Structures are given as C-alpha cells and as structure tokens.
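Here is the structure we will look at.
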C-alpha cells in the first residue's frame, strides 16, 4: 500500500472484509455527525501536547502508544487516515504514526462522498502499540540552528507569515501549492517543476516546517509521494523556533 490510497480502493477493501483500520482525523463533532463506517477517531490534538511552553509537540512515546493502543492500533494494523480538508489533519496524524514506527499507514487521497456515512461509534479491542522512533523523518530545533549546507529548509506557511519572520535561509512554498483543489484531492502529482523552480529537488535533503508542524506534515507526505527519500518534518516548527529565540532575547 502506498502513501496515499483512493476512496475506490478503500471501499473495495472494506467491502471484501480486509482488515483496514480507518482513522477519522477531523473534529470530534464532525466525526459524530457522520464518518466512514467502522472508522475510529484520532484528532491532531489527541497526539500532541504543550511542553516547556511550546504547544503542538508530538506526544512522548509512552503517551502516544496509549492513545493509539486504546483504539486498537498496533504495528500489524493497516491504517488509512482521512479528513475533509485536503488531507491536512490526516497528514499530521499519519506522520505521527510513521514517526513511531508504524510501517503501513496511508492517507485517503479523494473524498469519500457520495458513499454513505455512519454515526455508530466503534470500539476495537485495546492492543499494545510499541513505539519505535524513526529519527530520519523527524527534525528538531538543533537541526535548524545550523543545518547542513545541502539541506533545504522549506517554509510552507503563507506569504504573510513568512514575511513577518522565518528561519534563516528558508524557502517559501505554501502548503496549499501541493493540494489538488481542482479535483478536491489531498495531493497534486504535477508540482515537481514548481518545486524545482524554488530549489527543491529530490536529490537534496529537505526539512519542512510551518507554525506547529501540521501544514508541514502535508508537504512532508507530498514530497514523499513525489519520490523524495530524504524529508523530515520539524515538529516544533515556528512556535518552538520563536519561543526559543524569545527566551534567548533575540529579535526575529
């Protein structure tokens, strides 16, 4: 299974009885109003916390394992994550699973509608999720202080945010540039030339960041889908960067 799957593929898997755990990454209210039959709910906030004054950081391994294990997910569970806004929230939840070693997680590429929805809340048996940290997908503050010369730091916020302050040397490429708004799909597959025009190419290591690592997770998956092998998402992103420099008394 690839990084993204279609609604047709997922429907076929569910109809055939194949064991797929579908994760709804929208709000609890949206989930309760109607979701893919059999889907469980894990929001972005379920897998993040505020730590040392920085909000939106990935849960530590033990806390993360408790959240997903309580929903019946272990490393053998095939997982597909979806939301209703171009895979934005789904990307962060899927990245969180990937970071802790889940080998088989994908994002739903297109809309589930007009297929029917369910309001039944499903509870799967609690299982044990054993986190296995994958540092090659994860960037932290020290990686951005003095990045290697060949690393591309990609700021995926909007232009106004970028102009108000950004990490030194960062390239601006707003995350929505990679969303397929024409076909209402999570990811585009025709942006390699656009990325190359700003200096982002598959032969270079890339670190993505935004305000809190959510939009950056979408671009992380986009690049992975396009064949970029060396991509990391900066978990703390601008919130942590700005917080750190404010503590140091530095002006951005």
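Bear in mind that the values in this text are calculations on the coordinates, not laboratory data. Just so you know, these numbers come straight off a predicted model, no measurement behind them. For neighbour counting, all protein chains shown are included, and Cβ atoms are generated from backbone atoms with ideal geometry for every residue, glycine included.
Angle between the Cα long axis of helix 88-99 and the longest principal axis of the chain, 0 to 90 degrees, nearest 10?
Result, in degrees: 90.
Please report the Cα spread of the range 4-108 along all three principal axes, rounded to whole Å, starting with the longest.
46, 28, 22
Taking the Cα-to-Cβ direction at residue 230 and at residue 190 and moving 7 Å from each Cα, how far apart do the two end points lie in nm?
Distance between the two pseudo-spin positions: 3.0 nm.
Given a 10 angstrom Cα cut-off, can you work out which residue in 131, 205, 60 is the most mobile in a GNM of the chain?
60
Just to confirm my numbers, what's the Cα centroid distance between the range 170-206 and the range 20-76 in Å?
If you average the Cα positions of each part, the centres end up 27 Å apart.
Starting from the coordinates of the alpha-carbon atoms of the range 104-240, obtain the Kirkwood hydrodynamic radius over all distinct pairs and give the value in Å to one decimal.
After inverting the pairwise mean of 1/r, the radius is 16.5 Å.
Mind ranking 100-108, 193-201 by how tightly packed they are, going by the mean number of other C-beta atoms within 10 angstrom, highest first?
100-108, 193-201
Compute the relative contact order of the range 135-247 as a whole-number percentage, counting only Cα pairs closer than 8 Å that sit 6 or more residues apart in sequence.
So the answer I get is 33 percent.
Before anything else, pin down the relative contact order of the range 52-185: Cα pairs under 8 Å, at least 6 apart, normalised by residue count, whole percent.
27 percent
What value, in deg cm²/dmol to 500, does the helix sum -39500 (n - 2.57) over DSSP H runs of n ≥ 4 give at 222 nm once divided by the residues of the chain?
Calculated from helices alone, the mean residue ellipticity at 222 nm is -8000 deg cm²/dmol.
So what's the Cα pair-distance distribution over the chain, bin width 10 Å, in %?
Here the calculated profile for the chain is 7, 32, 35, 20, 5, 0.
Using the basic label-point model (7 angstrom from Cα toward the beta carbon), what is the residue 104 to residue 148 distance in nanometres?
Between residue 104 and residue 148, the simple spin-label model gives 3.2 nm.
If I fit a long axis through the Cα atoms of helix 215-225 and take the longest principal axis of the Cα atoms of the chain, what angle between them do I get, 0 to 90°, rounded to 10?
Long axis of 215-225 versus the principal axis of the chain: about 80 degrees.
I want to verify a result. In a Gaussian network model of the chain, Cα cutoff 10 Å, which of these has the top mean-square fluctuation: 49, 15, 161?
Taking springs between Cα atoms under 10 Å, the residue moving most is 15.
Where in the range 86-111 does the amide nitrogen come within less than 16 Å of the point 7 Å from the Cα of residue 33, taken along Cα to Cβ?
Backbone N within reach: 86.
For a quick check, take a GNM of the chain with Cα springs below 10 Å and name the residue from 111, 159, 240 with the largest mean-square fluctuation.
So, out of 111, 159, 240, the one fluctuating most is 159.
Please compute the contact order of the chain in relative form: average sequence separation of alpha-carbon pairs under 8 Å and at least six residues apart, divided by the residue count, as a percent.
Reported relative contact order: 21 percent.
So, in nm, how far is label residue 123 from label residue 49 when the simple model puts each one 7 Å beyond its Cα toward the Cβ?
My value for the distance between the label points is 2.4 nm.
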